[in-house]
Amino acid sequence: MTRLTPRGVALLVAAVGVGTAGVLLGYPLLRVLAGVGLGAVAAAFVSTRGRVRVEVVREVYPDRVQRGRPAFARLRVRGTGSRRHAGFVAGDRVGSGFHTVAVRPLPPGGEAVYHYELPTVRRGRHEVGPLTLERTDPLGLGRSRVTAGDTTTLWVHPRVHPVRAVVTGHPRHHHDGRTTERSPHGSLDVRDVREYVVGDEVRHLHWKATARTGRLMIRDYLDPEQPRFTALLDTRSAGDGFEEAVDFTASLLAASAGADHRCRLVTPCGVDIPTWGGIQATRQLLDALCVLEPSAADGPLVPPTLGGSGGCLAVVTTRLDADDRVAIARLRYPMTVVVVVGGGTVGMPGARVLTAADAAEAARRWNAVVAG
């Protein structure tokens, strides 16, 4: 739809005023000037009312990037009309802003490719697109806008610093029978008794179950010492310290999941994501941290669902009061490390407390503790 620009509205009002004065005062020159102005406005409507016939394909690479790292968009514009297409200005929506792309004239079936950098200074899940096509007349009196193309998602993950993964297991009593889905895989504890499959170890046959069912049954073993890591991120405060705390939590989880350790992300606002470790787990955890926002409620730091599940517990916060210390002390983990980002010196019995001004310093202090 064509609309007048502020310049076009001003010219239309001036032309009407000059034409009225020319009629009332009897000056032919004023009537001629008014006619020229109205003709220019009409020409702006005619030149911009034509439909923009283009096909837009957008690609974002990479679609997941750390905060502050470069990300790019590839915009492919192809003319679909039978006539030469005039140039126009395209505005590509990136989150809450726009990136302007000047598209050159396209011959029938012609194609043009444009590359531009996307902003990655803010963590989050950003929608890129749709493209806003804008046509204006040479005098800038009229403007028509239409949207084209689809949208693409850009995931801006927290910044990941190099940290060491902690190797701590979860010793438990060996027993036969079923366990939960969170039971670690391995070869020590019996997770289940199932039917024999070609390739299973014959020495793991369960003869009592075989005699009872009439089919070959085998023990499915687990490893109770598989490394575990739990990160408790405090989401009760906002500000620059929160972003640094998110970065450091992402660094810890990425290191542990990358080492194929079982990882779990817990927050006071109800987020609880257990993973088995690996590349897919790393992406899942970073995606969750990507969209995590501070909570408005000022409740307890330790959620009731956390409990003690063995392995290492890392509590990342920007503040630590007396109630938080008591709640953390009640948790039973073989290793508990409390990291206060941007806070002062604090002490806590039964846990190692690290203080750092930002995520980079927290990573250096963490590596020193793990290496020691």
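Summary of values
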| read-out | value |
| --- | --- |
| Strands (runs of 3 or more DSSP E) enclosed by the stretch 89-201 - at least 1 residues per element that are at pLDDT 80 or above, under 26 Å from Arg64 (Cα atoms) and of a type in the set (Val, Ile, Thr) | 97-103, 111-118, 124-136, 152-157 |
| Count of the stretch 18-44 residues which are open to solvent by 30 Å² or more (accessible area, probe 1.4 Å) and within 13 Å of Leu141 (Cα to Cα) | 4 |
| The listed residue being surrounded by fewer than 17 Cβ atoms within 10 Å (Cβ to Cβ), touching a residue at least 24 places away in the same chain (Cβ under 8 Å) and among the polar types (S, T, N, Q), out of Ser82, Ser47 | Ser82 |
| Yes/no for Gly258 being under 23 Å from Asn367 (Cβ atoms) and without any contact (Cβ under 8 Å) to a residue 24 or more places away in the chain | no |
| Hits in the stretch 88-147 - residues which are touching a Ser or Thr at 6+ places or on another chain (Cβ under 8 Å), hydrophobic (A, V, I, L, M, F, W, C) and farther than 30 Å from Gly37 by Cα | Phe98, Val128, Leu131 |
| Pair list, Cβ < 6 Å and 6+ apart or interchain, from the stretch 288-313 residues that are under 20 Å from Ser251 (Cβ atoms) to residues that are assigned to a loop (DSSP other than H, G, I, E, B) and open to solvent by 50 Å² or more (accessible area, probe 1.4 Å) | Pro294/Ala238 |
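The values are calculated or read from the model by the stated rules, or taken from the named source; none is laboratory data. What you are looking at is a predicted structure, and each value in this text was computed from that prediction instead of being measured. We place every Cβ from the backbone using ideal geometry, glycine too, and count neighbours over all the protein chains shown. When the accessible area is computed, the model is the full protein with side chains, heavy atoms only, and any ligands, DNA or RNA have been set aside. Shrake-Rupley method; radii C 1.70, N 1.55, O 1.52, S 1.80 Å.
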